[in-house]
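The values are calculated or read from the model by the stated rules, or taken from the named source; none is laboratory data. Since the model is a prediction, treat every value here as computed from it, not as a measurement. Because the Cβ atoms are built from the backbone with ideal geometry, glycine has one as well, and the counts that use them run over all protein chains shown. These area figures cover heavy atoms from the full protein model, side chains too; ligands, DNA and RNA do not enter into them. Shrake-Rupley method; radii C 1.70, N 1.55, O 1.52, S 1.80 Å.
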Amino acid sequence: MQALLDVILPVFLVVGAGYATVRFALFSDQIIDALMKYTQNFAIPALLFKAISGLDLGQSFDPALLLSFYTGSATCFFAGLLAARYVFKRDWEDSVAIGFCCLFANSVMMGLAITERAFGSEALAANYAIVAVHSPFCYGLGITAMEIARAQASGQPARTLPMKVGKAMFSNALVLGILLGFTVNLTGLQLPTVFTDALGMIVSTALPLALFGLGGVLVRYKIKGDAKIVAYVCAVSLMLHPLVVWYMGKVMVLDTGQYRSAVLTAAMAPGVNTYIFASMYGKAQKIAATSVLVATSLSLISVWLWLGWLP
(Lines give C-alpha, C1' and ligand atoms only; values in the text may rest on other atoms or scores of the structure.)
Protein backbone atom coordinates (compact mmCIF):
# COMPACT_ATOMS: atom_id res chain seq x y z
CA MET A 1 0.00 0.00 0.00
CA GLN A 2 2.88 2.37 0.75
CA ALA A 3 4.18 1.88 -2.82
CA LEU A 4 0.78 2.95 -4.13
CA LEU A 5 0.89 6.14 -2.07
CA ASP A 6 4.56 7.01 -2.59
CA VAL A 7 5.16 5.97 -6.20
CA ILE A 8 2.00 5.61 -8.24
CA LEU A 9 -0.52 7.97 -6.71
CA PRO A 10 1.50 11.20 -7.23
CA VAL A 11 1.75 10.41 -10.95
CA PHE A 12 -1.98 9.84 -11.21
CA LEU A 13 -2.67 13.01 -9.19
CA VAL A 14 -0.86 15.03 -11.87
CA VAL A 15 -2.98 13.29 -14.52
CA GLY A 16 -6.07 13.94 -12.39
CA ALA A 17 -5.19 17.62 -12.06
CA GLY A 18 -5.10 17.92 -15.84
CA TYR A 19 -8.41 16.09 -16.08
CA ALA A 20 -10.04 18.36 -13.48
CA THR A 21 -8.89 21.60 -15.11
CA VAL A 22 -10.64 20.66 -18.36
CA ARG A 23 -13.60 18.92 -16.75
CA PHE A 24 -14.43 22.05 -14.74
CA ALA A 25 -13.63 24.43 -17.64
CA LEU A 26 -10.56 26.01 -16.04
CA PHE A 27 -8.58 25.16 -19.19
CA SER A 28 -10.00 24.88 -22.69
CA ASP A 29 -9.35 22.03 -25.11
CA GLN A 30 -7.27 24.46 -27.17
CA ILE A 31 -4.87 25.01 -24.25
CA ILE A 32 -4.52 21.26 -23.71
CA ASP A 33 -3.95 20.72 -27.44
CA ALA A 34 -1.17 23.34 -27.39
CA LEU A 35 0.31 21.71 -24.28
CA MET A 36 0.26 18.26 -25.87
CA LYS A 37 1.72 19.63 -29.09
CA TYR A 38 4.58 21.14 -27.08
CA THR A 39 5.27 17.93 -25.16
CA GLN A 40 4.78 15.46 -28.01
CA ASN A 41 6.58 17.44 -30.72
CA PHE A 42 9.21 19.29 -28.70
CA ALA A 43 9.77 18.53 -25.00
CA ILE A 44 9.60 14.71 -25.11
CA PRO A 45 11.72 14.49 -28.30
CA ALA A 46 14.22 16.76 -26.48
CA LEU A 47 14.08 14.42 -23.46
CA LEU A 48 14.78 11.39 -25.66
CA PHE A 49 17.53 13.24 -27.55
CA LYS A 50 19.27 14.22 -24.31
CA ALA A 51 18.94 10.77 -22.74
CA ILE A 52 20.12 8.79 -25.79
CA SER A 53 22.95 11.17 -26.68
CA GLY A 54 24.44 10.50 -23.23
CA LEU A 55 23.73 6.76 -22.90
CA ASP A 56 26.46 4.15 -22.76
CA LEU A 57 25.11 2.29 -25.78
CA GLY A 58 27.24 -0.78 -25.22
CA GLN A 59 25.91 -1.24 -21.71
CA SER A 60 22.32 0.01 -22.08
CA PHE A 61 21.37 -1.58 -25.40
CA ASP A 62 21.45 -5.16 -24.24
CA PRO A 63 19.88 -7.43 -26.90
CA ALA A 64 18.43 -9.61 -24.13
CA LEU A 65 16.55 -6.60 -22.71
CA LEU A 66 15.13 -5.55 -26.07
CA LEU A 67 14.25 -9.11 -27.05
CA SER A 68 12.44 -9.62 -23.74
CA PHE A 69 10.38 -6.46 -24.05
CA TYR A 70 9.59 -6.57 -27.76
CA THR A 71 8.69 -10.25 -27.73
CA GLY A 72 5.93 -9.12 -25.37
CA SER A 73 4.98 -6.19 -27.60
CA ALA A 74 4.80 -8.31 -30.76
CA THR A 75 2.87 -11.05 -28.96
CA CYS A 76 0.27 -8.51 -27.84
CA PHE A 77 -0.01 -6.98 -31.30
CA PHE A 78 -0.81 -10.32 -32.89
CA ALA A 79 -3.06 -11.30 -29.98
CA GLY A 80 -5.06 -8.13 -30.61
CA LEU A 81 -4.99 -8.42 -34.39
CA LEU A 82 -6.10 -12.05 -34.58
CA ALA A 83 -8.72 -11.79 -31.83
CA ALA A 84 -10.23 -8.70 -33.46
CA ARG A 85 -10.41 -10.49 -36.80
CA TYR A 86 -11.48 -14.01 -35.85
CA VAL A 87 -13.21 -13.59 -32.46
CA PHE A 88 -14.79 -10.15 -32.76
CA LYS A 89 -15.25 -10.36 -36.56
CA ARG A 90 -13.79 -6.94 -37.44
CA ASP A 91 -12.31 -6.20 -40.86
CA TRP A 92 -8.54 -6.36 -41.27
CA GLU A 93 -7.98 -2.61 -41.03
CA ASP A 94 -9.96 -2.34 -37.79
CA SER A 95 -8.08 -5.39 -36.54
CA VAL A 96 -4.69 -3.75 -37.15
CA ALA A 97 -5.78 -0.64 -35.23
CA ILE A 98 -6.99 -2.82 -32.34
CA GLY A 99 -3.72 -4.75 -32.43
CA PHE A 100 -1.87 -1.43 -32.20
CA CYS A 101 -3.86 -0.59 -29.04
CA CYS A 102 -2.55 -3.81 -27.50
CA LEU A 103 0.99 -3.11 -28.74
CA PHE A 104 1.74 0.49 -27.77
CA ALA A 105 2.34 0.89 -24.02
CA ASN A 106 2.61 4.39 -22.54
CA SER A 107 6.36 4.00 -22.13
CA VAL A 108 7.30 7.67 -21.83
CA MET A 109 4.64 9.66 -19.95
CA MET A 110 3.75 6.91 -17.49
CA GLY A 111 6.61 4.39 -17.80
CA LEU A 112 9.45 6.84 -17.18
CA ALA A 113 7.59 8.71 -14.45
CA ILE A 114 6.63 5.63 -12.42
CA THR A 115 10.00 3.88 -12.82
CA GLU A 116 11.84 7.01 -11.71
CA ARG A 117 9.64 7.42 -8.66
CA ALA A 118 9.93 3.72 -7.78
CA PHE A 119 13.65 3.16 -8.33
CA GLY A 120 15.30 6.55 -8.90
CA SER A 121 16.61 8.35 -11.98
CA GLU A 122 19.66 6.06 -12.12
CA ALA A 123 17.28 3.19 -12.95
CA LEU A 124 16.14 4.78 -16.21
CA ALA A 125 18.96 3.62 -18.51
CA ALA A 126 17.05 0.44 -19.43
CA ASN A 127 13.85 2.47 -19.89
CA TYR A 128 15.59 4.78 -22.34
CA ALA A 129 16.93 1.81 -24.29
CA ILE A 130 13.37 0.46 -24.57
CA VAL A 131 11.94 3.89 -25.45
CA ALA A 132 14.60 4.45 -28.12
CA VAL A 133 13.25 1.47 -30.05
CA HIS A 134 9.61 1.84 -29.02
CA SER A 135 8.24 4.32 -31.58
CA PRO A 136 10.25 2.93 -34.53
CA PHE A 137 9.25 -0.65 -33.68
CA CYS A 138 5.59 -0.01 -32.89
CA TYR A 139 4.89 2.43 -35.69
CA GLY A 140 6.93 0.34 -38.11
CA LEU A 141 4.93 -2.79 -37.27
CA GLY A 142 1.56 -1.02 -37.13
CA ILE A 143 1.98 1.05 -40.30
CA THR A 144 3.36 -1.91 -42.25
CA ALA A 145 0.44 -4.13 -41.21
CA MET A 146 -2.11 -1.39 -41.94
CA GLU A 147 -0.67 -0.60 -45.35
CA ILE A 148 -0.64 -4.29 -46.25
CA ALA A 149 -4.30 -4.56 -45.19
CA ARG A 150 -5.25 -1.46 -47.20
CA ALA A 151 -3.29 -2.60 -50.25
CA GLN A 152 -5.07 -5.96 -50.22
CA ALA A 153 -8.45 -4.26 -49.85
CA SER A 154 -7.82 -1.77 -52.65
CA GLY A 155 -5.59 -3.82 -54.92
CA GLN A 156 -2.72 -1.31 -54.71
CA PRO A 157 0.76 -2.54 -55.65
CA ALA A 158 2.99 -3.63 -52.76
CA ARG A 159 5.97 -1.67 -54.15
CA THR A 160 4.60 1.55 -52.64
CA LEU A 161 4.68 0.11 -49.12
CA PRO A 162 8.30 0.96 -48.11
CA MET A 163 7.88 4.60 -49.16
CA LYS A 164 4.65 4.99 -47.16
CA VAL A 165 6.15 3.38 -44.07
CA GLY A 166 9.33 5.46 -44.33
CA LYS A 167 7.42 8.71 -44.79
CA ALA A 168 5.21 8.04 -41.78
CA MET A 169 8.19 7.05 -39.61
CA PHE A 170 10.41 10.03 -40.43
CA SER A 171 7.62 12.57 -39.95
CA ASN A 172 7.31 11.48 -36.30
CA ALA A 173 9.01 13.94 -33.91
CA LEU A 174 9.79 11.22 -31.36
CA VAL A 175 11.64 9.18 -33.97
CA LEU A 176 13.57 12.25 -35.13
CA GLY A 177 14.60 13.07 -31.54
CA ILE A 178 15.80 9.49 -31.08
CA LEU A 179 17.77 9.51 -34.35
CA LEU A 180 19.44 12.83 -33.50
CA GLY A 181 20.37 11.44 -30.09
CA PHE A 182 22.01 8.42 -31.68
CA THR A 183 23.85 10.68 -34.13
CA VAL A 184 25.37 12.76 -31.33
CA ASN A 185 26.20 9.66 -29.30
CA LEU A 186 27.86 7.73 -32.09
CA THR A 187 29.83 10.68 -33.51
CA GLY A 188 31.03 11.85 -30.09
CA LEU A 189 29.91 15.39 -30.90
CA GLN A 190 30.43 17.75 -27.96
CA LEU A 191 27.48 20.08 -27.53
CA PRO A 192 28.03 23.60 -26.15
CA THR A 193 27.28 23.96 -22.44
CA VAL A 194 24.87 26.82 -23.10
CA PHE A 195 22.88 24.49 -25.37
CA THR A 196 22.82 21.56 -22.95
CA ASP A 197 21.80 23.86 -20.09
CA ALA A 198 18.89 25.22 -22.13
CA LEU A 199 18.01 21.69 -23.22
CA GLY A 200 17.96 20.58 -19.59
CA MET A 201 15.45 23.30 -18.74
CA ILE A 202 13.15 22.13 -21.53
CA VAL A 203 13.56 18.47 -20.58
CA SER A 204 12.60 19.21 -16.98
CA THR A 205 9.14 20.25 -18.21
CA ALA A 206 8.52 17.21 -20.41
CA LEU A 207 7.06 14.57 -18.08
CA PRO A 208 5.04 16.80 -15.70
CA LEU A 209 3.41 18.70 -18.56
CA ALA A 210 2.85 15.51 -20.56
CA LEU A 211 1.09 13.87 -17.61
CA PHE A 212 -0.99 16.98 -16.99
CA GLY A 213 -1.89 17.19 -20.68
CA LEU A 214 -2.76 13.49 -20.75
CA GLY A 215 -5.34 14.13 -18.03
CA GLY A 216 -6.82 16.97 -20.05
CA VAL A 217 -7.06 14.82 -23.16
CA LEU A 218 -8.78 11.98 -21.28
CA VAL A 219 -11.81 14.23 -20.66
CA ARG A 220 -12.68 13.87 -24.35
CA TYR A 221 -12.77 10.10 -24.25
CA LYS A 222 -16.08 8.55 -23.31
CA ILE A 223 -16.96 5.06 -22.19
CA LYS A 224 -18.35 3.88 -25.48
CA GLY A 225 -17.54 1.45 -28.23
CA ASP A 226 -17.52 -2.32 -28.10
CA ALA A 227 -17.20 -3.16 -24.40
CA LYS A 228 -15.95 -6.70 -25.03
CA ILE A 229 -13.14 -5.53 -27.30
CA VAL A 230 -12.17 -2.77 -24.88
CA ALA A 231 -12.05 -5.27 -22.03
CA TYR A 232 -9.89 -7.54 -24.16
CA VAL A 233 -7.49 -4.69 -25.03
CA CYS A 234 -7.20 -3.80 -21.33
CA ALA A 235 -6.49 -7.41 -20.38
CA VAL A 236 -3.82 -7.81 -23.06
CA SER A 237 -2.17 -4.46 -22.28
CA LEU A 238 -2.21 -4.62 -18.50
CA MET A 239 -1.76 -8.37 -17.93
CA LEU A 240 -0.51 -10.30 -20.97
CA HIS A 241 2.19 -7.81 -21.99
CA PRO A 242 3.94 -7.66 -18.59
CA LEU A 243 3.39 -11.40 -18.09
CA VAL A 244 5.23 -12.26 -21.33
CA VAL A 245 8.03 -9.81 -20.45
CA TRP A 246 8.18 -11.27 -16.93
CA TYR A 247 8.74 -14.75 -18.39
CA MET A 248 11.15 -13.58 -21.11
CA GLY A 249 13.18 -11.60 -18.59
CA LYS A 250 13.66 -14.77 -16.55
CA VAL A 251 14.63 -16.77 -19.63
CA MET A 252 17.07 -14.09 -20.85
CA VAL A 253 18.51 -13.66 -17.31
CA LEU A 254 18.11 -9.89 -17.18
CA ASP A 255 19.72 -8.14 -14.25
CA THR A 256 17.42 -6.69 -11.58
CA GLY A 257 17.40 -3.15 -12.97
CA GLN A 258 16.65 -4.24 -16.53
CA TYR A 259 14.00 -6.65 -15.32
CA ARG A 260 12.19 -3.98 -13.32
CA SER A 261 12.26 -1.47 -16.16
CA ALA A 262 11.07 -3.98 -18.76
CA VAL A 263 8.17 -5.37 -16.71
CA LEU A 264 7.00 -1.98 -15.43
CA THR A 265 7.09 -0.45 -18.92
CA ALA A 266 5.16 -3.41 -20.31
CA ALA A 267 2.56 -2.95 -17.55
CA MET A 268 1.64 0.56 -18.71
CA ALA A 269 -1.76 1.26 -20.28
CA PRO A 270 -2.04 2.03 -24.01
CA GLY A 271 -0.71 5.50 -24.78
CA VAL A 272 -2.46 8.37 -26.56
CA ASN A 273 -0.50 7.33 -29.67
CA THR A 274 -2.93 4.44 -30.08
CA TYR A 275 -5.75 6.94 -30.69
CA ILE A 276 -3.49 8.99 -32.96
CA PHE A 277 -2.75 5.85 -35.00
CA ALA A 278 -6.44 4.93 -35.21
CA SER A 279 -7.25 8.50 -36.31
CA MET A 280 -4.54 8.43 -38.98
CA TYR A 281 -6.46 5.67 -40.72
CA GLY A 282 -10.01 6.37 -39.47
CA LYS A 283 -10.28 2.89 -37.99
CA ALA A 284 -11.45 1.72 -34.52
CA GLN A 285 -11.20 5.24 -33.10
CA LYS A 286 -13.89 4.75 -30.44
CA ILE A 287 -12.27 1.52 -29.30
CA ALA A 288 -8.83 3.17 -29.13
CA ALA A 289 -10.14 6.19 -27.20
CA THR A 290 -12.15 4.09 -24.75
CA SER A 291 -9.25 1.68 -24.24
CA VAL A 292 -6.89 4.54 -23.33
CA LEU A 293 -9.37 5.93 -20.80
CA VAL A 294 -10.37 2.62 -19.20
CA ALA A 295 -6.90 1.04 -19.16
CA THR A 296 -5.26 4.18 -17.75
CA SER A 297 -7.81 4.18 -14.91
CA LEU A 298 -7.37 0.45 -14.24
CA SER A 299 -3.58 0.74 -14.32
CA LEU A 300 -3.67 2.61 -11.01
CA ILE A 301 -4.30 -0.80 -9.42
CA SER A 302 -2.62 -3.14 -11.93
CA VAL A 303 0.70 -1.26 -11.90
CA TRP A 304 0.65 -1.32 -8.10
CA LEU A 305 0.26 -5.10 -8.22
CA TRP A 306 3.11 -5.56 -10.72
CA LEU A 307 5.29 -3.22 -8.68
CA GLY A 308 4.62 -5.31 -5.59
CA TRP A 309 5.64 -8.50 -7.40
CA LEU A 310 8.93 -7.13 -8.71
CA PRO A 311 12.21 -8.03 -6.97
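Here is how the numbers come out for the structure above:
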| quantity | calculated |
| --- | --- |
| Mean residue ellipticity (222 nm) of the chain, computed from DSSP H runs ≥ 4 via -39,500 (n - 2.57), nearest 500 | -23500 deg cm²/dmol |
| Length released on extending from T193 to D91, taking residue separation times 0.36 nm less the Cα-Cα span | 31.4 nm |
| Kirkwood-based Rg to Rh ratio, the range 26-113, C-alpha trace | 1.10 |
| Where the Cα pairs of the range 175-227 fall when distances are cut into 10 Å bins, in % | 18, 31, 25, 16, 9, 1 |
| Calculated FRET efficiency for the pair A227/K250, C-beta based, R₀ 35 Å, to 0.05 | 0.55 |
| F42-S297 FRET efficiency (beta carbon distance; Förster radius 25 Å; 0.05 resolution) | 0.35 |
| Per residue solvent-accessible surface (Å²) - the range 1-109, probe of 1.4 Å | 44 |
| Potential lengthening between S171 and A235 on full extension [0.36 nm per residue; Cα-Cα distance subtracted] | 19.9 nm |
| Proximal lysine pairs, the chain, alpha carbons under 22 Å, eight or more residues apart or interchain | 16 |
| The range 1-61 and the range 175-245: distance between their alpha carbon centers, rounded to Å | 7 |
| Diffusion coefficient, µm² s⁻¹, Stokes-Einstein with Kirkwood Rh over alpha-carbon pairs of the range 1-151 at 20 °C and 1.002 mPa s | 121 |
| Pair V184, A17: separation of 7 Å Cα→Cβ label points (nm) | 2.7 |
| Probe 1.4 Å, protein heavy atoms only - accessible area per residue of the range 148-255 in square angstrom | 57 |
| Principal axis dimensions, largest first and in whole angstrom, of the chain by Cα | 53, 47, 45 |
| Gain upon complete extension [A25, K286; 0.36 nm per residue less C-alpha separation] | 91.6 nm |
| Other-chain or far-sequence residues with amide H under 5 Å of F27's (modelled H) | V22 |
| Percent accessible area from carbon and sulfur atoms, the range 252-311, protein chains only, probe 1.4 Å | 63 |
| The range 74-181 - percent of accessible surface contributed by carbon and sulfur, probe 1.4 Å | 63 |
| In sequence order, calculated HN-Hα J values of the range 34-44 (Karplus, 6.51, -1.76, 1.60; Hz; x Gly/Pro) | 5, 4, 5, 5, 4, 6, 6, 9, 9, 5, 5 |
| Spherically averaged projected area in nm², based on the convex hull that wraps the Cα atoms of the range 102-231 | 11.6 |
| Cα-centred dipole magnitude for the chain, charges only on beta-carbon of K, R (+1) and D, E (-1), debye, nearest 20 | 940 |
| Heavy atoms of S135: accessible area, 1.4 Å probe, square angstrom to 10 | 10 |
| Per-peptide average of other Cβ atoms within 10 Å, ordering 15-26, 244-255, 262-273 highest first | 262-273, 244-255, 15-26 |
| Kirkwood hydrodynamic radius of the range 228-311, Cα pairs, Å | 13.4 |
